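S.K.: After the structure tokens below, expect a handful of questions from me.
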Amino acid sequence: MIKEFKEFVSKGNLVTLAVAFILGVAFAAVVTAFTDMVLGVVSYVFGGDVSFDGLGVHRNGSIVIPYGRFLTAAVDFVIVAFILFLVVKAYNRLQRTEEAAAEPSDEVKLLTQIRDELAKRP
């Protein structure tokens, strides 16, 4: 069982997933800072407070249900999702151009020649 676990941990997929997770957490921190900056600029332009953290259901001067934090997290999520969509779209476009530019392998060339020779026969 320990041997199987070592094989599982040493596979590249798990390491790649761990790196992707750590980068995702760091990326989320960057997006949160960006969102705070954008909301800060918007609040400066319109002269109001755009931070949603203070929104909620108030009772006796305190927030009972803080739905403002949820709104802030939702805005962060939408921004992260849109940026990741753009990244994946650019990556897919790059992959397609690399695949289109790739030259066929020797086996494919040989099979193409055989097909063409067979097509010439009566």
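S.K.: Does ARG59 satisfy being modelled with pLDDT of 80 or more and exposed (fewer than 10 other Cβ atoms within 10 Å of the Cβ)?
M.R.: Numbers: modelled with pLDDT of 80 or more: yes; exposed (fewer than 10 other Cβ atoms within 10 Å of the Cβ): yes.
Answer is yes for this residue.
S.K.: What is the number of the single condition among (1) open to solvent by 60 Å² or more (accessible area, probe 1.4 Å); (2) under 25 Å from the mean Cα position of the chain (by Cα) that GLU4 does not meet?
M.R.: (2)
S.K.: Can we say TYR67 is at pLDDT 80 or above and either surrounded by 11 or more Cβ atoms within 10 Å (Cβ to Cβ) or not β-branched (Val, Ile, Thr) (or both)?
M.R.: On the way: at pLDDT 80 or above: yes; either surrounded by 11 or more Cβ atoms within 10 Å (Cβ to Cβ) or not β-branched (Val, Ile, Thr) (or both): yes.
So TYR67 fits the description; yes.
The values are calculated or read from the model by the stated rules, or taken from the named source; none is laboratory data. The structure displayed is predicted, hence computed values, not measured ones. Heads up, the Cβs are rebuilt from the backbone with ideal geometry, glycines too, and the neighbour counts pull from every protein chain shown. Ligands, DNA and RNA are stripped out before the accessible areas are found, and what is left, the full protein with its side chains, is counted by its heavy atoms. Shrake-Rupley method; radii C 1.70, N 1.55, O 1.52, S 1.80 Å.
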